[in-house]
């Protein structure tokens, strides 16, 4: 009588040569899953590699490769002359479940309180394609790709072993020096290069500032209406957010003092308020600084697109007026250059430099060195300032085209607000129209318009659209306004 092959039957191990994964890996995965789920019980003896290769119609080497990997990871125990047995004990395997079995619920939340707040504060996804009204999208069609490519290639050629190790947490020194020099002449910011931290985005600057300056329950002034990303950063840190109304002169400092005089921080976009586009007047800038000094609070100045001012020179930053060291200044290259660059910066008061640098190292290490070095060269060679000048001219033309098209196509249906600066215009809807309805319809046409109403935190809620103009050609803007008019 012929000798029968020893070991359990394995009818579920069908392999598929067209699956893409190597056959030995398929066999390894199926056996591993069967052991973890309990389909193969502890101490079960498997067929020999010769027998299993014949049953599966594969080479013996294929089976040997799978068995060797399972043995190395502790799933099998192999002994010469005794074959292979399942080594995973009963208590170590995963419980068997069926699709219809009720899921076990944790007695306590899986996420921390901070994690729960972060998951609730979901920002609207950024479109991955170019849409006509996307706010703050730079003119990618006019970007000096060739100059930038040369800057990156030049720095790549210069990379040596010393440049390929971990970078400085605060950023590449030549870039920090270039940023400090540019901010001093173009934005009136008073700082030394060591006060500049290179980050990946304004959102990272907000998150880092919230972590470092705010304890649970402390108050924050937030412009009303205001930037959702700032609200998300502060609320996720456990801060109590107080909406402070914005009028034609910007943030109502007097209202902020009446609502939360002992707040720990005020977040402002003074040079071009997001989303209304107004400018914080000088008396209110001084009042804000006086409040911060007397309350020992902080001012976080988000200067996201103030390089683009069309009737006058760009206004100086609040940080340049600060003599008490209470202002943190955030800026970004992602809205001037291109969004995927992921380079931004935060200028912190001298007293905070050491602590913020340590926190940067603990949370994210440092920004990629190659793009930092390329950006430093781009600025030192004068390309950055030249690009800014060119974009100011282009954006002024595109803004004028948008405003003219709105007057011609939707006169009365949409009333544009302040438009002296920036990369977007907020337009208010006529009575009876809801921005939710309009934006839902606009999304089907891939227009990229944003709603105004969700940017209000308090009871007041204006209906309007936030319309970017910088990222679309004049002809494209005219077509987009005509499409919007049909929706209205």
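Quick look at the numbers
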read-out: Tally, over region 239-254, of residues that are touching a strand residue (DSSP E or B) at 6+ places or on another chain (Cβ under 9 Å) and under 23 Å from residue 303 (Cβ atoms); value: 11
read-out: Sole residue being under 30 Å from residue 390 (Cβ atoms) and surrounded by fewer than 22 Cβ atoms within 10 Å (Cβ to Cβ), chosen from 275, 314, 270; value: 314
read-out: Number of the condition not met by residue 362 [criteria: (1) touching a strand residue (DSSP E or B) at 6+ places or on another chain (Cβ under 8 Å); (2) surrounded by fewer than 15 Cβ atoms within 10 Å (Cβ to Cβ)]; value: (1)
read-out: Enumeration of residues in region 443-464 that are in contact (Cβ under 8 Å) with a residue 12 or more places away in the chain and part of a helix (DSSP H, G or I); value: 453, 454, 455
read-out: Subset of region 32-51 [assigned to a helix (DSSP H, G or I) and under 15 Å from residue 63 (Cα atoms)]; value: 32, 49, 50, 51
read-out: Residue check for residue 194: surrounded by fewer than 22 Cβ atoms within 10 Å (Cβ to Cβ), touching a helix residue (DSSP H, G or I) at 6+ places or on another chain (Cβ under 8 Å) and farther than 16 Å from residue 266 by Cα; value: yes
read-out: Elements of type helices (runs of 4 or more DSSP H) in region 138-238, at least 2 residues being in contact with a strand residue (DSSP E or B) (Cβ under 8 Å, 6 or more places away or on another chain) and closer than 20 Å to residue 354 by Cα; value: 173-186, 202-213
read-out: Filter result for the condition that a residue is more than 21 Å from residue 289 (Cβ to Cβ), in contact with a helix residue (DSSP H, G or I) (Cβ under 7 Å, 6 or more places away or on another chain), assigned by TED's automatic domain parsing to the domain that holds residue 288 and buried (at least 17 other Cβ atoms within 10 Å of the Cβ), over 345, 338, 356; value: 345
read-out: Test result for residue 467, under 30 Å from residue 146 (Cα atoms), in a strand (DSSP E or B) and in contact with a helix residue (DSSP H, G or I) (Cβ under 9 Å, 6 or more places away or on another chain); value: yes
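Okay, residues lined up against (1) touching a helix residue (DSSP H, G or I) at 6+ places or on another chain (Cβ under 9 Å); (2) in the same structural domain as residue 177 (by TED's automatic domain parsing); (3) modelled with pLDDT of 95 or more; (4) within 23 Å of residue 131 (Cβ to Cβ):
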| residue | (1), (2), (3), (4) |
| --- | --- |
| 376 | yes, yes, yes, no |
| 408 | yes, no, no, yes |
| 417 | no, no, no, yes |
| 435 | yes, no, no, yes |
| 450 | yes, no, no, yes |
| 458 | no, no, no, no |
| 461 | yes, no, no, no |
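The values are calculated or read from the model by the stated rules, or taken from the named source; none is laboratory data. Since the model is a prediction, treat every value here as computed from it, not as a measurement. In this analysis, Cβ positions are derived from the backbone assuming ideal geometry, glycine residues included, and neighbour counts consider all displayed protein chains.
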